[in-house]
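Here the structure comes first, spelled out in structure tokens, and everything after it is commentary.
The values are calculated or read from the model by the stated rules, or taken from the named source; none is laboratory data. For clarity, every value in this text was computed on a predicted model and none was experimentally measured. Every residue, glycine as well, gets a Cβ built from its backbone with ideal geometry; the counts of neighbours run over all protein chains shown. When the accessible area is computed, the model is the full protein with side chains, heavy atoms only, and any ligands, DNA or RNA have been set aside. Shrake-Rupley method; radii C 1.70, N 1.55, O 1.52, S 1.80 Å.
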Amino acid sequence: MPLVTSNPPTATLIIGPLTPLASTSMSPSLLKRGCFIIDSTRKGKRFPDSMSKTIPIWACVLNRSILNYKKKLRDNEMTMHKEADASSCAQYTSLDSDNWDCSLHLPLWVPDTEKSAIEDRLEQWAKELEDSGADIASIALSLEKPLRPLWISQKTVIWLNEVPDHDSWDFTPIILVSASSPSGIYQHRTTSEFSWNYIPGAGDDEESWARGLSPSLFWNNVYDLIGSEPGLCNQKVADIVEKDRVYRSHRGQNAPQVTLKSPKMIDRGIDPSQIDYSLSLDVDNSNSSLSSSEIDEKLYWLGSTNLAVGSTQLAIDVSNADCVLNCDQQSINVSLEESEAYLHLPMMSSKLDRFSILNNLPAAVRFAKANLRKGNRLLVCCQNGEDISVCVCLAILTSLFNDEGTFDDGKPFSNTDITKWEMRRRLVFICKFAVNARPSRGNLKQVFAFLSEQRSPPSTSPCSGDK
């Protein structure tokens, strides 16, 4: 089953076949459709807001957008086949309206007044989703039944013999699992059964706890990690990360040594003796079979814009791009015919510098403009190809391209007030092609500040007043 974590008030939603990620003895009957989403809160509530409201709202909005898409297909088909008899048309209409649940499903603890206020805005949100350019067609084709959330906490009791067979369900389940303690009292667990520290907001700051483990490395070794004892987990992660680093190094790829942040937990009342500050690496430096780099590092061309986004490693041996804009901290040697075709603008995430991207975007757009004018193909890269490079591409796409995705030298942009809605539409366009894109909110705020304030960095934080 796909296992997804979220952080309130937003959540990541993955819908797809519940297939095992490695060969196991799982029964074929377990290979169903749906997803688990796991979250936690320490606010004294059993479920975080992401599970009580955000995810149910998204499920309902997606269901309505999918139904609207199906109705349009039906209307088009009926127009093309006017000879269809009335009975078949009525059957088609009944199939759409009766079998596809578009109602809002919220947990019982959400007040009726709040539920009513949410319901009043559902149609507006569905229309905004459809107008954003989101690929509703692909979702409609892959989703056989409407989405519906189910809630499970530590106090939930389920009698397995009373659960109906999955095939009899008339919905695709989104199983929301809350790991929060029912009492709402924060405790530090040190036993072999529970060995964890809850840190609010840590889901958005994985570099502070992931110990160099990337998503692909985790899923390639998921059963190994889960099967390890809690006391050996950190060492197991260190072994996996180091083997992957050696694998990359032997292939001449960028393989920096992993460094860990010192946990800031002493002021939380946690025993310093329980904190592991070091990362012990005791591994065999032989060739590893891990190949996460082959999974992580992909080059994504954004339609016919001559713009591509990818990781820095791809730019070293790039063959199908004429110029490279490197946003990584480290400069690289690229095999390009002209030295002017390479520009290094080191940028840092908003967590480290709230103005780094904002201050470098003017030069980035000028470089892109000069090369795109010549019809050159431009690769924008950063360390992972998922965040900063995506934000830079968003600025370039909004500044120099029209609504149809055609390069127009940025002339209309100078006379246009860019809104968050317009920027969101362009980001949806990028995500259609760069499927691993995950730009952070702080970095996107810098892009909006650049676009809305005519590329002039403000004297105060660009994030002020933008909630």
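So, residue 29, is that one at pLDDT below 90, part of a helix (DSSP H, G or I), under 24 Å from residue 151 (Cα atoms) and not β-branched (Val, Ile, Thr) or not? Considered against the rule, which asks whether it is at pLDDT below 90, part of a helix (DSSP H, G or I), under 24 Å from residue 151 (Cα atoms) and not β-branched (Val, Ile, Thr), residue 29 comes out as yes. Among the residues of segment 422-445, those that are within 19 Å of the chain's Cα centre (by Cα) and either farther than 20 Å from residue 384 by Cβ or of a type in the set (S, T, N, Q) (or both) comprise 423, 424, 425, 426, 428, 429, 436, 440, 443.
Given the criteria touching a residue at least 12 places away in the same chain (Cβ under 8 Å), under 25 Å from residue 298 (Cα atoms) and touching an Asp or Glu at 6+ places or on another chain (Cβ under 8 Å), does residue 384 qualify? Before you say what the answer is, go through the steps one by one.
On the way: touching a residue at least 12 places away in the same chain (Cβ under 8 Å): yes; under 25 Å from residue 298 (Cα atoms): yes; touching an Asp or Glu at 6+ places or on another chain (Cβ under 8 Å): yes.
Judged against the criteria, residue 384 is a match.
Conditions (1) crowded, with 17+ Cβ neighbours inside 10 Å; (2) modelled with pLDDT of 85 or more; (3) within 19 Å of residue 328 (Cβ to Cβ), marked per residue:
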position	(1), (2), (3)
214	yes, no, yes
219	no, yes, no
237	yes, yes, no
240	yes, yes, no
243	yes, yes, no
252	no, no, yes
258	yes, no, yes
261	no, no, no
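Looking only at residues of segment 124-169 that are of a type in the set (A, V, I, L, M), assigned to a loop (DSSP other than H, G, I, E, B) and closer than 30 Å to residue 424 by Cβ, we find that the one that is most open to solvent (accessible area, probe 1.4 Å) is 134. Number of residues in segment 353-372 that are in contact (Cβ under 8 Å) with a residue 40 or more places away in the chain and not in a helix (DSSP H, G or I) equals 2. Comparison of 350, 331, 335 shows that the only residue that is in a loop (DSSP other than H, G, I, E, B), at pLDDT 65 or above, open to solvent by less than 60 Å² (accessible area, probe 1.4 Å) and of a type in the set (Gly, Ala, Ser) is 350.
Within segment 100-111, residues that are closer than 14 Å to residue 68 by Cα have Cβ atoms under 8 Å from residues that are surrounded by 11 or more Cβ atoms within 10 Å (Cβ to Cβ) and aliphatic (A, V, I, L, M) in these pairs: 100/66; 100/67; 102/67, counting only partners at least 6 apart in sequence or on another chain.
Filter segment 378-421 down to the residues that are aromatic (Phe, Trp, Tyr) and more than 14 Å from residue 450 (Cβ to Cβ), then identify the one that is farthest from the chain's Cα centre (by Cα). That would be 407. So for segment 380-403 (the condition being within 19 Å of residue 312 (Cβ to Cβ), of a type in the set (Phe, Trp, Tyr) and either touching a strand residue (DSSP E or B) at 6+ places or on another chain (Cβ under 6 Å) or open to solvent by 50 Å² or more (accessible area, probe 1.4 Å) (or both)), does at least one residue qualify? Within segment 380-403 (the criterion being within 19 Å of residue 312 (Cβ to Cβ), of a type in the set (Phe, Trp, Tyr) and either touching a strand residue (DSSP E or B) at 6+ places or on another chain (Cβ under 6 Å) or open to solvent by 50 Å² or more (accessible area, probe 1.4 Å) (or both)), the answer is no, since none of the residues qualifies. Within the option set 445, 432, being charged (D, E, K, R), part of a helix (DSSP H, G or I), open to solvent by 10 Å² or more (accessible area, probe 1.4 Å) and modelled with pLDDT under 90 holds for one residue only, 432. The residues in segment 224-251 that are touching a residue at least 40 places away in the same chain (Cβ under 8 Å) and more than 15 Å from residue 213 (Cβ to Cβ) can be counted, and the count is 2. Restricting 122, 160, 95, 143 to residues that are of a type in the set (A, V, I, L, M) and at pLDDT 90 or above narrows the list to 122. The residues in segment 106-118 that are surrounded by fewer than 14 Cβ atoms within 10 Å (Cβ to Cβ) and within 27 Å of the chain's Cα centre (by Cα) can be counted, and the count is 0. Please indicate, with yes or no, whether at least one residue in segment 39-58 is within 25 Å of the chain's Cα centre (by Cα), under 22 Å from residue 225 (Cα atoms) and either at pLDDT 50 or above or not in a helix (DSSP H, G or I) (or both). Yes, the conditions are met somewhere in segment 39-58. Every condition in (1) within 19 Å of residue 306 (Cα to Cα); (2) not in a helix (DSSP H, G or I) is met by residue 396 except one, and the failing one is (2).
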